Amino acid sequence: QVQLEDSGGGLVQPGGSLTLSCKRSGSMYRTNYMGWYRQAPGKQRELVAQLFSRGFKKYADSIEGRATISRDDVRDTMYLQMNSLKPEDTAVYYCNARGQPNFEEPEADYWGQGTQVTVSS
């Protein structure tokens, strides 16, 4: 069974940096993409960044130029490095993976439990 464990959140001052990690356990027959979403209090969950299987990367306009999504296939871990953090980046960040767990089952979305990022002085 595929499981995602995200970590690395915390309290950081405006202008600071943070790197989130998402460790995947359990194998997947096919991974379409992996990514990060965030949800601030009272708001809907929104896409932050995605990394597609062929290496294409997509970023939300709000974080473009301030974040880098990457993946270490040896460690089966995805990262989101964020720089120049702003108070409006405060949210719970969730890692996501979409793919087939095996060739018999359909595609599905998998989620981490979430890690809190707070940007405040």
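The values are calculated or read from the model by the stated rules, or taken from the named source; none is laboratory data. Being a predicted model, the structure only gives us computed values, none of them experimental. As a convention, Cβ positions derive from the backbone with ideal geometry for all residues, glycine included, and neighbour counts pool all protein chains shown. In case anyone asks, the SASA skips ligands and DNA or RNA and just uses the protein heavy atoms, side chains included. Shrake-Rupley method; radii C 1.70, N 1.55, O 1.52, S 1.80 Å.
A few points about this structure:
- Extreme residue, surrounded by the most Cβ atoms within 10 Å (Cβ to Cβ), among residues of the range 20-45 that are under 16 Å from residue 63 (Cα atoms) and under 10 Å from the mean Cα position of the chain (by Cα): 36
- Scanning the range 81-93 for residues that are buried (at least 17 other Cβ atoms within 10 Å of the Cβ) and closer than 15 Å to residue 34 by Cα returns a single hit, 93.
- Subset of the range 59-80 that is free of Cβ contacts under 8 Å to residues at least 12 places away in the same chain and at negative phi - its residue that is surrounded by the most Cβ atoms within 10 Å (Cβ to Cβ): 59
- Total residues in the range 94-112, condition more than 16 Å from the chain's Cα centre (by Cα) and open to solvent by 40 Å² or more (accessible area, probe 1.4 Å): 6
- Taken as a whole, the structure leaves residue 48 outside the set of residues that are hydrophobic (A, V, I, L, M, F, W, C), part of a strand (DSSP E or B), open to solvent by less than 60 Å² (accessible area, probe 1.4 Å) and farther than 20 Å from residue 31 by Cβ.
- Residues that are assigned to a strand (DSSP E or B), closer than 22 Å to residue 39 by Cβ and not hydroxyl-bearing (Ser, Thr, Tyr), drawn from the range 51-80: 51, 57, 58, 67, 69, 78, 80
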